[in-house]
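Here's the structure, in structure tokens; my notes come after.
The values are calculated or read from the model by the stated rules, or taken from the named source; none is laboratory data. Quick caveat: nothing in here was measured; it's all calculated off a predicted structure. Counting neighbours? That spans all protein chains shown, and the Cβs are built from the backbone with ideal geometry, glycine included. In case anyone asks, the SASA skips ligands and DNA or RNA and just uses the protein heavy atoms, side chains included. Shrake-Rupley method; radii C 1.70, N 1.55, O 1.52, S 1.80 Å.
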Amino acid sequence: MTGRRVSVVIPVKDDPRVAACVASIRRAGPDWLDVQVIVVDNGSGDEFRRWLAGEVAGYDALLCEPEPGVYRARNRGVAAADGEAVFFTDADCLVRPGWFEAGLALIDEGYDLVQGYSGAARGDRLQRLLQARYGKRFRRLRRGDPMEVDTRNLAVRRAVFERLAFNERFRRVSDTEFGLRAEQLGFRVGYSPTMRVNHDHDTDLRVFAAKQVCHGWGAQRLMCEDPALRWHGGHLRLVHRATTFIQQLPGRQAAARALAGTAIFAAGLLQQAPRLPCAAAYGALTIIDKAALLAGHLMYAEGQPEPSPSELLGRRLPRD
């Protein structure tokens, strides 16, 4: 295993948690592995950029991509990467020990993209609820199973980027698109349960709901743009078929906006109910999650601009 080199790409916008992320990557790197850490600043304010350059230690390259778009930032990082594999994580994540070994193990077995598991960075009630929703899709997966990928915790063989890049036109779902198109080209995608990071979930359930609306919009956009893509989640195919039919109905956009607003409002109510039993809170969050995603699917229309959490919430978020 000696003499190997990998790259890690971390996009960041005004998020000081990137310092802990970089430190965790350095701690996780085994002695036999040469790790290139690339941080890509994606339109942060002047004060944060100065702090990033002066206070964050442990990166090998600090790049600036002023054009907004996290996938544009990731592509910029990939262009500077020189490792045999490129690992991706986010500024609000902490890499767990064994991260590199688990990703490279599947790559050595012939996989080209390796999706890892993201746990919760903290143990409070809200984090546990959000983690339970995130973790649901992994419960029946075994090592090596194919799935939709996300760049919160992903490793990609360098050769994949010779034929494919992240779609920079959209804020969300371009990582899912990247994985599905990679499979379409014949690359292998596999899940590694021991390739782990801890993610610092949103502290506001309304932000979570707004992001899920945007994810639903992105999934519907991708399904409409390329119906031939093979999704692994059967429920996504059902949603696509149902919403494609519903899109023909009058008043769809108004209904979608109303459903999105209801999901965000309900998320705010759930946040204000800390004494609600955990099982009931999880059930309520499940309904909110599904309603928000469905609203996003219904909201999509060809040629319409992509919604943002800031737009849906009516207030500017620091990281949209």
*Among (1) 60, 42, 39; (2) 95, 54, 47; (3) 90, 56, 30, the entry that matches Cα extents along the principal axes in Å as calculated here*: (1)
*Search the structure for amide H atoms under 5 Å from the amide H of residue 122, placed 1.01 Å from N in the peptide plane, and list their residues when 5 or more places away or on another chain.*
201
*In the range 174-191, which residues have a backbone nitrogen under 16 Å from the label point lying 7 Å from residue 244's Cα in the Cα-to-Cβ direction?*
none
*Got a number for carbon plus sulfur as a percent of the chain's accessible area, 1.4 Å probe?*
54 percent
_In Å², and per residue, what accessible area does the chain have when probed at 1.4 Å with the other protein chains present?_
45 Å²
*asked:* Looking only at the chain, where both bridge partners belong to it, what percent of the DSSP beta bridges are antiparallel (to the nearest 5)?
replied: 30 percent
*With point charges of +1 on the Cβ of Lys and Arg and -1 on the Cβ of Asp and Glu, referenced to the Cα centre of the range 122-221, which listed residue (123, 201, 185) lies farthest in the positive direction of the dipole?*
123
_What does DSSP give for the range 35-174 in terms of the percent of beta bridges that are antiparallel, rounded to the nearest 5?_
65 percent
_Connecting C-alpha atoms closer than 10 Å in a GNM of the chain, tell me which of 135, 303, 251 has the biggest fluctuation._
303
_Bin width 10 Å, origin at 0, all Cα-Cα pairs of the range 38-195: what percent of pairs per bin?_
10, 37, 37, 16, 1
_Please state the shape class of the range 276-320: rounded when a/c is under 1.5, otherwise prolate if a/b exceeds b/c and oblate if not, all from the C-alpha gyration tensor._
oblate
*In deg cm²/dmol and to the nearest 500, what is the mean residue ellipticity at 222 nm of the chain if only DSSP H runs of at least 4 residues count, each as -39500 (n - 2.57), divided by the residue total?*
-14500 deg cm²/dmol
*In a GNM of the chain with a 10 Å cut-off on Cα contacts, which of 101, 162, 84 has the highest mean-square fluctuation?*
162
*asked:* Of the candidates 79, 19, 219, which one comes out as most mobile in a Gaussian network treatment of the chain with C-alpha springs shorter than 10 Å?
replied: 79
_If you average the C-alpha positions of the range 121-156 and of the range 246-320 separately, how far apart do those two centres end up, in angstrom?_
21 Å
